[in-house]
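Derivation of every value follows stated rules applied to the coordinates shown; laboratory data play no part. Computed from a prediction, not measured in an experiment: that's the story for all the values here. Cβ coordinates were reconstructed from backbone atoms using ideal geometry, including for glycine residues, and neighbour counts include every protein chain displayed.
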Amino acid sequence: MIRDKGNLIAGACLAAFGIYVISVAAKLSYVADVGPGPGFFPLWLGIGLVLLAVCLIFASTDFASAMAASGSRSWEGSGRALAGWLALIAAIFLLGRLGFGLSFFLLTIFLVVALDRRPALLAAGVAVALSGAFYLIFVLALDVSLPKAPWGF
């Protein structure tokens with residue numbers, strides 16, 4: 001018996017997309033002369049999508065672990081999830097204007113303070129640490145250029 005039609009539909013769509021990715025990746029070469037070919041990553045991505053879709057479909061049935069006794073969903077949790085997505089969209093929008101460091105800093109503060117309901121001082125510390133870690137890993141260690149603000153950082 002189906003418990004959660006939303007997860008069942010999402011799982012079916014995800015499985016269909018995964019099968020499509022696998023079918024396209026199968027037409028590309030799996031191995032190239034110097035290592036993995038252009039079909040390597042898409043094939044494994046498609047396989048992962050299908051496996052996760054099967055888990056989602058299974059979770060939507062009665063055979064999965066029991067849901068909450070009331071079976072209702074919290075609108076507060078849905079609103080917080082939507083706020084997180086909107087904050088991520090805003091951070092992406094601000095990347096070109098404020099640069100990666102500042103937009104990621106603001107996103108982290110919002111997520112920690114508004115969604116996780118932690119103190120602002122803790123949020124600032126986490127934001128500084130994560131922004132610094134991203135800079136150290138991507139800019140210094142991997143030599144990847146992140147979007148910069150008009151003032152240079």
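Tabulated data
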item	result
Stokes-Einstein D for region 5-59, Kirkwood Rh over Cα pairs, 4 °C, 1.567 mPa s (µm²/s)	113
Under 5 Å, built H, 5+ apart or other chain: amide partners of Gly37	Val31, Ala32
Residues with amide H under 5 Å from that of Thr61, placed H, sequence gap 5 or more	Arg3
Efficiency of FRET from Cβ geometry, Leu140 and Ala59, R₀ 35 Å, rounded to 0.05	0.30
Computed over region 75-141: relative contact order in percent, which uses C-alpha pairs under 8 Å that are six or more apart	28
Relative contact order %, the chain, counting alpha carbon pairs below 8 Å whose residues are six or more apart	19
From phi via Karplus (6.51, -1.76, 1.60), per-residue ³J(HN,Hα) for region 27-36 in Hz, x at Gly/Pro	7, 9, 6, 7, 10, 10, 4, 9, x, x
Bins of 5 Å, starting at 0 and running to the largest distance - Cα pair percent for the chain	2, 8, 10, 11, 11, 13, 16, 16, 9, 4, 1, 0
